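Below: one structure, written as structure tokens.
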Amino acid sequence: MEKGATIKHDIKKASKTGTWRNVRPEIEVSGCIGCATCVKYCPDACISLRKRKKDEFIEGGKATENVAEIGYEFCKGCGVCAEVCPVKTISMKKE
Ligand code: SF4
Ligand code: SF4
């Protein structure tokens, strides 16, 4: 019997999403609490956390330091991120 193998994921070699995506997730950054739930569940591993920019802080608000960011080159528009976001700050929009 042949042995199995685990191939390390390399985002640079991943196929980019074609023109077939018809909806895209958009994050309302002011509502993001940086929990990384969407990062863990995205089947294409195309969401990451980044530092919140200065102009994304709301005066008097309790904005978290990190926010989610989507890599649209690889996003296929499946909507999983919008489903799992606990504060519903991701919505799916038509391309
Ligand atoms: S729509 Fe799907 S592929 Fe795109 S960022 Fe959300 S979970 Fe990932
Ligand atoms: S799941 Fe929602 S709140 Fe959590 S990091 Fe993603 S966009 Fe932000």
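List pairs: first in the range 63-89 and free of Cβ contacts under 8 Å to residues at least 40 places away in the same chain and among the β-branched types (Val, Ile, Thr), second within 8 Å of ligand 2 (Cβ to nearest atom) and open to solvent by less than 30 Å² (accessible area, probe 1.4 Å), Cβ under 6 Å, 6+ apart or cross-chain? Matching pairs, first to second residue: 64/34.
Could you tell me which residue of the range 1-16 is farthest from residue 45 (Cα to Cα), considering only residues that are in a loop (DSSP other than H, G, I, E, B) and open to solvent by less than 90 Å² (accessible area, probe 1.4 Å)? Restricting to residues being in a loop (DSSP other than H, G, I, E, B) and open to solvent by less than 90 Å² (accessible area, probe 1.4 Å), the top hit is 4.
The values are calculated or read from the model by the stated rules, or taken from the named source; none is laboratory data. Values in this document were obtained by computation on a predicted structure and should not be read as measured data. Cβ sites come from the backbone with ideal geometry, for glycine too, and all protein chains shown count toward neighbours. These area figures cover heavy atoms from the full protein model, side chains too; ligands, DNA and RNA do not enter into them. Shrake-Rupley method; radii C 1.70, N 1.55, O 1.52, S 1.80 Å.
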